[in-house]
1. Among DSSP beta bridges lying fully in chain B, give the percent that are antiparallel, nearest 5.
2. Looking only at other chains, what is the average number of their beta-carbon atoms within 10 angstrom of each beta-carbon in B:207-215?
3. Ranked by Cβ crowding within 10 angstrom, fewest neighbours first, how are B:TRP229, A:TRP22 ordered?
4. Which order, highest average first, do A:325-334, B:297-306, B:311-320 follow once you tally other Cβ atoms within 10 Å for each residue and take the mean per peptide?
5. Set Lys and Arg Cβ to +1 and Asp and Glu Cβ to -1, take the dipole of the protein assembly as shown about its Cα centre, and tell me which of A:PRO139, A:VAL87, A:PHE271 lies farthest positive.
6. Given chain A, report the % of alpha carbon pairs whose separation exceeds 32 Å.
7. Could you size up the charge dipole of the protein assembly as shown around its Cα centre, putting +1 on the beta carbon of Lys and Arg and -1 on that of Asp and Glu, and report it in debye to the nearest 20?
8. Taking B:LYS432 as the anchor, which lysines have their alpha carbon closer than 19 Å to its alpha carbon, excluding any fewer than eight residues away along the same chain?
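All of the numbers you see were taken from the coordinates with simple rules; none came from a lab. These numbers come from a predicted model, not from an experiment. Don't worry about glycine lacking a Cβ; one is built from the backbone with ideal geometry, like all the others, and counts go over all protein chains shown.
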Amino acid sequence: MSTAAAGGPATRRSSIVRARPWSAACFLLPALVLLGALVVYPIVYSVHRSLFDASGTGFVGLGNYIELFTDDDTLTAIRNNTVWVVVAPTVCTALGLIFAVLTERVRWGTAFKLIVFMPMAISMLAAGIIFRLVYEQDPDRGVANAVWVSVHDTFDEASAWPGARPRPDGELEGTGGSYTTKSAADAADPANLPLVGVPPRDLADAAEASPARPAGDGKVTGTVWVDFAKGGGGEPNAVDPGEKALAGVVVEAVRDGRVVATATTGEDGTFALPAEADGARLRLPASNFTEAYNGVDWLGPSLVTPAIIASYVWMWAGFAMVLIAAGLAGVPRELLEAARVDGANEWQVFRRVTVPVLAPVLAVVLVTLMINVLKIFDLVYIIAPGATQSDANVLALQLYLSSFGTGADQGVGSAIAVLLLLLVVPVMVFNIRRLRRENRR
Amino acid sequence: MRTSVRTTRSRARRAGIALAAALALSLTAACGGGDGGGDGSGASGDGAGDGREATVELPDLKGQKLQVAAVWTGPEQKNFRRVLDEFEERTGAEVGFVPTGDNVATFVGSKVEGGAPPDVAMLPQVGVLHQFAEKGWIKPLREGTREQLGKNFSQGWQDLGAHDGEQYGVYFKAANKSLVWYNTTAFENAGVSEPKTWDEFLEAAQTLSDSGVPPVSVGGADGWTLTDWFENVYLSQAGPEKYDQLAAHEIKWTDPSVRDALNTLGELFGEKELLAGGNQGALRTEFPKSVTQVFADVEQPQAAMVYEGDFVAVNIGDTEAEIGQDAKVFPFPAVGEDSPVVSGGDAAVALKDGEGAHALLTFLASTDAAAIWAEQGGFISPNKELDTAVYPDDVQRDIAEALIAAGDDFRFDMSDQAPAAFGGTKGAGEWKALQDFLADPGDVAGAQRELEAAAAKAYGD
């Protein structure tokens, strides 16, 4: 690191090499053998293997590469990998930077850092299993949906009888979740509005339905009830003994598309609408029956990749934070003080001083994470369920899936491996050049 | 890790045992009855009393270590472990169990490539058995095993384990995959009875739905349950000849018979209210959950029926429901002329040509091994010599007797006959195509195209 000392020994070392090349070779040999056996040979063999077919005997030239770029699964994998490489390292680094800068100023910063860094101590496999549970659909089991649903339900109340619906051939017909009678209401003839499909557990406390009687004073009356007696007995569309009432259902009288009157059913399922409702159609609005909100389908086809990236960020933001915090400790205080004295506000200090000074560290973090993300496998393999695995596919997973098993084609697998290598190369070159530049400085 | 824990345990156990094989067997039978609790005490009590005789001779394998790879987890793994324990006690070998995860073919394949295959693997797919035999990864059975096989198995089951006239596999565990399990309370409440035909089935489902219980629980998160649905409908509707042709990919998946079967299936999958949780809910339901949501709460079930094989009994065992009382079963309804009989099974194959591996196969082909698991439940043996009295309840006994009675008149699970890339890979091939169909049952033509494209690639034509 120290530039002053670098010149002298280097010259002496090169003179030794020139004088006794065999000794240099002796020292280099173990490293070369290891590198050759563990790095160079596998790379060369992979390239070689990628030019042969599944059995490994027939030469196919670039056939495997052509298959690679025409196969839907691999194309999805390439697209997803791009998303991963762009999003995951950026978000991790940004979060890491924010955490590092903020924790520098608080007294319990170390405790905070410890907590954020802790996920790094968990293996990818364990993290995958954890997030599989976090993203569970059922709000009673998955944390993500539990939070989402409770926020949603705060603003949007649950309905009284979710899932209730009329019989297909009955008096009510449905449009957009609400149900309207086919004929007009008549004050002299109470309206029967039968529904089915209510889970028995919801009906445990419900009272028995009673048939409504004509009110006589022009009011329109009727009953809303579950037209299904236990054991399947009972006559359809008639209020039979033992059939349960649906209390709290809103009934609207609609004339020419306008609501003229509303009523709510009582304990025994009956309702009474004012005289204006006579001759209007009765409607049970959809708000009575909307199903309980079930949260977001995190692992569905569209959200599965973002969801898995989020779990990656959870793991690696801590790593970014620790590296950046170390870099931050080396930022000269005087620079920040000088900026403040010159009248810069905190945002300007952060934006114009801290970030530029930290740039090399940020680059290291970003590049390390990029390399790391290119070969992401475990999280995707574990978190994505079977139905959406192909939507979440990434190159390393596709490599595994096409290389092993009975439908295995290690030719294609090797081709994917070579492609991955090519993708990593530019990042590596960047990293090496940056290191060189730094050493020269 | 897992192996080493097991090994220590078995070594400790072995130290204490210096009894003759027959005595040891009666001891394990007694233990089995105790552990089994209420579910099978009657049957296993008898077994212990008789002191079942060993029907197979096994070599002394003291000091040998074997590995068995199989897909089983949870209660199934525990029950299979009992079979292995018995083998350990009789031979002195140490047997480690390696769970393979969902994809047996991939797991075993990568182990073989890596040069360290397990001694014995349980292959759930006939197609994989053929592929492995072709590659020379599995070894032909020896004389002793073939003898047991000839004595205990009907020709149909023997042929399933053969490739090019050479016998490779022992069908240790069979499955009757044409059963619909239902919650009796839900059926009583809705006033419906066991349907015989597809139309009656849909009608019953509609009535159940009206009664407020979602009628059918589909474990769509696991693609294989969907292939089984399709196979039953197809076998019943298109007939066994077409079934064999489609299984061999002699007719394409774009065939009109496939369209008809998917349309029939769509009559169920297309009605959101007939599926527990709707289509999206079904896609998120794994097989174990598809069973427990029918039987976990006997009085207030989340679904009334679940279709799958006899092994559903294992998962029902995890709930409070009593098989035969709370949980009953009826044959898959007939879509065409007859009700279908689709079966499946796990074939034990040797990946190493050692004495231990072959001795284990011989043991698995014997009636003794079948009896150990049979009395634990959740297991149907294709072994025709097995006394059906060992099954823990009447429901399982009937299923087993029906399977034996069918003789050679059954069809093996089609997806298991296909190459693994098509019929046995998570998130690919038939599994994925049928999941897409479940998500969008209106698109029959699209599903057919997807199926044919995947099949053409996997069958290599």
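1. Here the share of antiparallel DSSP bridges comes out near 60 percent.
2. 6
3. Result, fewest neighbours first: A:TRP22, B:TRP229.
4. Order by mean packing, descending: B:297-306, B:311-320, A:325-334.
5. A:VAL87
6. More than 32 Å apart: 64 percent of the Cα pairs in chain A.
7. For this selection, approximately 7240 debye.
8. Correct list for B:LYS432: B:LYS252, B:LYS457.
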